[in-house]
Amino acid sequence: MSAPTTPAVTLPSPVPNHRTGKIRLLLHDMRFGLITAGRTPFPLLIALFFPLFFNVMFNLLQSGETVGGTAAVQSTTAAIIVFIITAAGYFNMATGIVIAREKGVLKRVRQTPMPKVLHMGSRIGGSVLLSGASIVIMLAVSLLAFGLELRPAALPSLVIVFLLGSVASCAMGLAVTRLIPSVEAALMVSTATLFPLLFVSGVFFPLPLPGPVQTVVDLLPFAPMVEATRTALDPAATGLALDLPSLAIIAVWGAAAILAALKTMPWEPQN
């Protein structure tokens, strides 16, 4: 008489974590974007080192000078940080998205299981990584060659300004693609909407404006970006040196731009 057989116990298969799957998908898309960017090394090197050229040039021209009793290198470094954030975010994002859209890349992405918000997030993440690398290189050169004072206590503030400003700039770049009909117009629209605002906002040098105009400019995103960055780099500041009003304005612009991009950004070629 044979012994009774014990029925096999089937263990339940592990349920995949939906959130973990989305994070892996986001990181995979970011990795693919960075690999694609690395296949054209010249534009990548320009993105990383071109702002360093301006930083070195301005600091050499202003060597020994002060701005408001503070060494000029502090103000110059703040200005170039904002330039990197806006150029890598707003300018490069707007032109890159339009090129991808008109080549049909975004259309193909939309036909895959990749959610739109994750693909947009991966592009923002890639831009943040590249601009962060550029800023680290520039800060290292400014510390070693031009006597930049960087307080350890203010480093968290600088990181917060960088992350918030980068995401807001990228989101605005995504949103403005709704106004760009073609690849040919991308460079013109991006340049015409970014650089005048940088100058009017006093990013590179103070610009005297009438009171009402200055009030409006202070509510735009770029003046708060440079003000918050200057506060974080001010050697006379104490503690974290967080400019909360400026950060709040940047956050509002970033949130509004993300919503606008999600609702209005075209994914199909416009021509």
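The values are calculated or read from the model by the stated rules, or taken from the named source; none is laboratory data. All values derive from a computational prediction rather than experimental measurement. With ideal geometry, Cβ positions are generated from the backbone for all residues, glycine too; neighbour counts draw on all protein chains shown. These accessible areas exclude ligands, DNA and RNA; they are computed on the full protein's heavy atoms, side chains included. Shrake-Rupley method; radii C 1.70, N 1.55, O 1.52, S 1.80 Å.
Under the rule a/c < 1.5 gives rounded, and otherwise a/b versus b/c splits prolate from oblate, where does segment 27-158 land using the Cα gyration tensor? Write down the numbers at each step before the final one.
Values: a/c = 2.89, a/b = 2.37, b/c = 1.22.
Cα axes put segment 27-158 in the prolate bin.
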Estimated Rh, segment 112-176: Kirkwood, alpha-carbon pairs, angstrom: 13.6 Å
Per-pair calculated FRET efficiency, R0 = 35 Å: T112 and F195 via Cβ, rounded to 0.05: 0.50
Here the net charge surrounding M225, from other residues whose Cβ is less than 12 Å away from its Cβ (Lys, Arg +1; Asp, Glu -1), is -2
Amide H contacts of V67 (H built 1.01 Å from N, under 5 Å, at least 5 apart or other chain): A72
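Could you check how much of the accessible area of segment 191-271 is carbon and sulfur, as a whole percent, using a 1.4 Å probe? Intermediate values should be presented prior to the final figure.
Numbers: 3110 of 4160 Å².
Carbon with sulfur: 75 percent of the solvent-accessible area.
What shape does segment 32-108 take by its C-alpha gyration tensor, where a ≥ b ≥ c are the square roots of the eigenvalues and a/c under 1.5 counts as rounded, a/b above b/c as prolate, and the rest as oblate?
prolate
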What's the center-to-center distance, using Cα atoms, between segment 129-152 and segment 20-34 in Å? 28 Å
Can you tell me the 0 to 90 degree angle between the C-alpha axis of helix 92-102 and the longest principal axis of the chain, rounded to 10? 50 degrees
Grab every C-alpha pair in segment 150-200, bin the distances at 5 angstrom width from 0 up to the longest one, and report whole percents. 4, 17, 18, 19, 15, 11, 8, 5, 3, 1
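Take the eigenvalues of the Cα gyration tensor for the chain, scale each by 5, and report the square roots as semi-axes in whole Å, largest first.
Numbers: eigenvalues 331, 121, 66 Å².
Each semi-axis is the square root of five times an eigenvalue, giving 41, 25, 18 Å.
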Please arrange L242, L139 by accessible surface area, largest first, computed with a 1.4 Å probe and ligands excluded. L242, L139
Taking the inverse of the average 1/r across all pairs of different Cα atoms in segment 211-255, what Kirkwood radius in Å do you get? 11.0 Å
Largest-first principal axis extents of the Cα set of segment 125-271 (Å): 53, 38, 26
Can you give the angle from 0 to 90° between the axis of helix 116-145 and the longest principal axis of the chain, with both taken from C-alpha atoms, to the nearest 10? 40 degrees
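In what sequence, largest accessible area first, do F204, F32 appear using a 1.4 Å probe?
Accessible-area ranking of F204, F32, largest first: F32, F204.
Length gain on complete extension for the stretch L262 to L155, per 0.36 nm per residue less the alpha carbon to alpha carbon distance? Walk me through the intermediate numbers first.
Details: separation 107, 0.36 × 107 = 38.52 nm, distance 3.20 nm.
That pair, L262 and L155, stretches by 35.3 nm at full extension.
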Distance between modelled label sites at L220 and I99, nm, 7 Å Cα→Cβ extension: 2.6 nm
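With a 1.4 Å probe and every protein chain left in place, work out the accessible area per residue of segment 20-132 in Å², rounded to a whole number. Walk me through the numbers on the way to the answer.
Numbers: 5810 Å² over 113 residues.
So segment 20-132 comes to 51 Å² accessible per residue, rounded to a whole number.
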Using a Gaussian network model on the chain with a 10 Å cutoff between Cα atoms, which of G121, G96, G239 fluctuates the most? G239
Between beta-carbons, use under 14 Å as the cut-off and find the net charge around I258, counting Lys and Arg +1, Asp and Glu -1. +4
With the alpha-carbon atoms as the only input, what is the per residue convex hull volume for segment 81-125 in Å³? 53 Å³
Once phi is turned into ³J(HN,Hα) by the Karplus curve 6.51 cos²θ - 1.76 cosθ + 1.60 with θ = phi - 60°, what whole-Hz value does each residue of segment 46-53 show in order, with x for glycine and proline? 4, 4, 7, 10, 4, x, 4, 4
What is the angle, in °, between the Cα long axis of helix 72-86 and the longest principal axis of the Cα atoms in the chain? Nearest 10 is fine, range 0 to 90. 40 degrees
Which whole-Hz ³J(HN,Hα) couplings does segment 194-205 yield from phi under the Karplus relation 6.51 cos²θ - 1.76 cosθ + 1.60, θ = phi - 60°, glycine and proline marked x? 9, 5, x, 5, 4, 5, 5, 6, x, 5, 8, 7
Give a residue-ordered list of calculated ³J(HN,Hα) values for segment 24-29 (Karplus: 6.51 cos²θ - 1.76 cosθ + 1.60, θ = phi - 60°; whole Hz; x for Gly, Pro). 4, 5, 4, 5, 5, 5
